[in-house]
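Here is the structure we will look at, set down as structure tokens.
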Amino acid sequence: MQHGRSLRRSALLVLSLLSACAAAQPGDPDYVASGPVRITTTSGAQLIARHALAIGDLGEASRAYDTLLLADPGNSDLTRQAFLTNLLAFRPEAVSLARELPGLQAAQLLLADDDARAGRWKRAEGRYAGLAKQGAMDVMRPLLTAWAVAGGGEYDRALAMLQPLMEGPHFRALFVLNAAMIADLAGKDTQAAGLYQRAEKEFGVPNLPLLRQVTSFEARHGQQAQAEAKLRKLAAGNEELALALPGLLRHMDQRQVRRATDGMADVYTAFAAALRGQPNSELSSVLLRLALNLRPDATSARLLVSDIALASKRPADALSVLDPVTADDALLPLVQVRRAVIAERMGRTDEALSLLATVAREM
């Protein structure tokens, strides 16, 4: 009965969006179309870079900064700006620029991630361990380092690194959950089960990232009914999650973290979500880019990037970042609703209506 009420609320949510789209007028004034601009002079590149940043066109800004660097290759400020814009624009040039910025934390993270992707686990471990011990980095550093150690197959050492932090006064829940994920990946089922149970207690209020990890473990170990009940309970209190519930249940027994780099991507996504809307929210965008560099199929990260782009009045970017999401993704209904909202913002009302009608039919 509770599940039925939740689905009815979800139906009302979709229908309200359908009504809003049907009433909308095409040609949202927030939509700004832009295309590549030919850069012929240094002064022109400076103007284009400033303007592109002002309107949030990171691709154009990165190309302009690349042009400026060709004229002044030793300029550290230009190198930093070029690196950040290339990183946020998902351009591969960011990696080579990162090598020129040994003092920039984001650059070192990208290089460490590249080492991890290539299986250079000791190098990755060294880079992560050398990060600054301040702010959010002070929490991410031991988590990323532990995942690098786990990536090298040293699971016991990785868990031992997190053990004292699980007893500390700050962020215990996050350290416990990551320890559970490492134990799970290592096949240490008894230890993982205990750590997942403790993580649920430490978090107190359940959330989707936590429950996807917990219920995946339970479903893979003969506790399907218990796992299903937890997901249904969470969805019953959240109309948007209720839209995704069928897919979440269908994929419930799939391992959420298949390799160490997936765990690292989850660390970035968790902190990006926490920092979203804070004064240093630009760090959120950087962390999400790093997450997708490690795990392109991280749909939760893509939804966050899309949200940031849409809030910045960049609907085309908000839409394009969702393109790689596949038809069998558990979170596809949430992606489809987001696509519909973006399409409506861009004046493509018929497309928005079609997307929402599809979601409504499949509920």
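The values are calculated or read from the model by the stated rules, or taken from the named source; none is laboratory data. Only a predicted model underlies this, so the values are computations on that prediction, with no experimental measurement involved. Cβ sites come from the backbone with ideal geometry, for glycine too, and all protein chains shown count toward neighbours. In case anyone asks, the SASA skips ligands and DNA or RNA and just uses the protein heavy atoms, side chains included. Shrake-Rupley method; radii C 1.70, N 1.55, O 1.52, S 1.80 Å.
Here is a list: Asp262, Asp297, Asp329. Which entry is part of a helix (DSSP H, G or I), under 26 Å from Leu144 (Cβ atoms) and charged (D, E, K, R)?
The conditions single out Asp262.
Working carefully through the options Ala112, Ala107, find the one that is hydrophobic (A, V, I, L, M, F, W, C), within 21 Å of Gly153 (Cα to Cα), at pLDDT 90 or above and open to solvent by less than 60 Å² (accessible area, probe 1.4 Å).
Ala112
Run down Ala309, Ala316 and say which single residue is in a helix (DSSP H, G or I), open to solvent by less than 20 Å² (accessible area, probe 1.4 Å) and more than 18 Å from Met137 (Cβ to Cβ).
Exactly one residue qualifies, and that residue is Ala309.
Got a number for residues in the range 268-296 being among the acidic types (Asp, Glu) and at pLDDT 95 or above?
Counting residues in the range 268-296 that are among the acidic types (Asp, Glu) and at pLDDT 95 or above gives 0.
Name the residue that is surrounded by the most Cβ atoms within 10 Å (Cβ to Cβ), counting only residues in the range 319-350 that are of a type in the set (Asp, Glu) and within 21 Å of Gln256 (Cβ to Cβ).
Of everything passing the filter in the range 319-350, Asp329 is surrounded by the most Cβ atoms within 10 Å (Cβ to Cβ).
Only one of Gly151, Gly103 is without any contact (Cβ under 8 Å) to a residue 12 or more places away in the chain and either of a type outside the set (A, V, I, L, M, F, W, C) or within 25 Å of Ser306 (Cβ to Cβ) (or both). Can you tell me which?
On inspection, the qualifying residue turns out to be Gly103.
Select from the range 116-141 the residues that are touching a residue at least 24 places away in the same chain (Cβ under 8 Å) and either farther than 20 Å from Met161 by Cα or of a type outside the set (A, V, I, L, M, F, W, C) (or both) and list them in ascending order.
Arg117, Gly119, Lys122, Glu125
What tally of residues in the range 146-164 results from selecting those that are open to solvent by 10 Å² or more (accessible area, probe 1.4 Å), in a helix (DSSP H, G or I) and within 22 Å of Ala112 (Cα to Cα)?
Counting residues in the range 146-164 that are open to solvent by 10 Å² or more (accessible area, probe 1.4 Å), in a helix (DSSP H, G or I) and within 22 Å of Ala112 (Cα to Cα) gives 7.
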